[in-house]
Structures are given as structure tokens and as C-alpha cells.
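Visitor: Sharing a structure here in C-alpha cells format.
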């Protein structure tokens with residue numbers, strides 16, 4: 001499979017509940033999250049603000065990064081978000097549909 005593949009972090013609000021995911025179509029996936037079509041954690045906790053994402057050329061790289069981020073301490077994830085997105089803005093509007 002050829003990229004791009006995306007690892008992304010969603011938040012419910014600034015310093016709120018965080019979720020780490022991976023997809024091959026970030027614009028589509030964000031539409032699903034915002035429409036509450038993704039059953040489970042993100043729907044239950046209202047986690048739909050795209051606060052960080054990274055692109056990778058291979059699914060293996062993306063899944064390795066996702067796995068790594070999921071093991072990170074919460075404080076490390078917050079630091080990562082605040083380095084690239086200090087205002088915790090919803091980055092969804094920056095995606096090309």
C-alpha cells in the first residue's frame with residue numbers, strides 16, 4: 001500500500017480527552033468523527049477536534065508511530081500538541097477534501 005498514511009491526535013477540548021488513530025484518508029476520517037459515525041471511544045467521549053497529525057509514506061511507519069504515541073505519557077502528548085498547535089486549534093479545515 002502506498003501513502004500517504006496519517007497518524008492523528010484528537011481532543012475533546014484543550015487539555016481534554018485525547019485519542020490517537022491512524023488512517024489513509026484523514027479528511028474522510030475527520031468527517032466520520034465529526035458526524036459521530038465512528039462508534040466507540042471518540043463518539044462516547046465527544047473527541048472530534050483534530051489537534052495534531054503526521055503523514056507517512058508507508059502503513060508500517062504510520063502504525064509504528066501510532067503504537068509509540070499510544071504508549072506515551074499524557075504529558076508527552078500534550079507537549080507534542082502544544083509545540084505544533086499551541087492554541088489547540090481544530091486543524092480539520094486545513095485538510096484537502
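Visitor: Using a 10 Å cut-off around each Cβ, can you sort 57, 48, 90 from fewest to most neighbouring Cβ atoms? Don't skip to the end; give the middle numbers.
Guide: Details: 57 11, 48 20, 90 16.
In increasing order of surrounding Cβ atoms, one gets 57, 90, 48.
Visitor: Fewest first, what order do 51, 38 take by the number of other Cβ atoms within 10 Å?
Guide: The fewest-first ordering by Cβ neighbours comes to 38, 51.
Visitor: Jot down the radius of gyration and Dmax of the stretch 5-92, Cα atoms only, both in angstrom.
Guide: For the stretch 5-92, the Cα-based Rg and Dmax read 12.0, 31 Å.
Visitor: Also, quick follow-up: Efficiency by 1/(1 + (r/R0)^6): what FRET value for residue 43 and residue 64, r their Cβ-Cβ distance, R0 = 30 Å, to the nearest 0.05?
Guide: That pair, residue 43 with residue 64, gives E of 0.70.
Visitor: Pick out which of 58, 68, 31 has the largest mean-square fluctuation in a Gaussian network model of the chain, springs linking Cα atoms closer than 10 Å.
Guide: Per the Cα network of the chain with a 10 Å cutoff, 68 tops the list.
Computed from the coordinates by the stated procedures, all read-outs in this text should not be read as laboratory data. Keep in mind the model is a prediction, meaning the values are calculated, not measured. Heads up, the Cβs are rebuilt from the backbone with ideal geometry, glycines too, and the neighbour counts pull from every protein chain shown.
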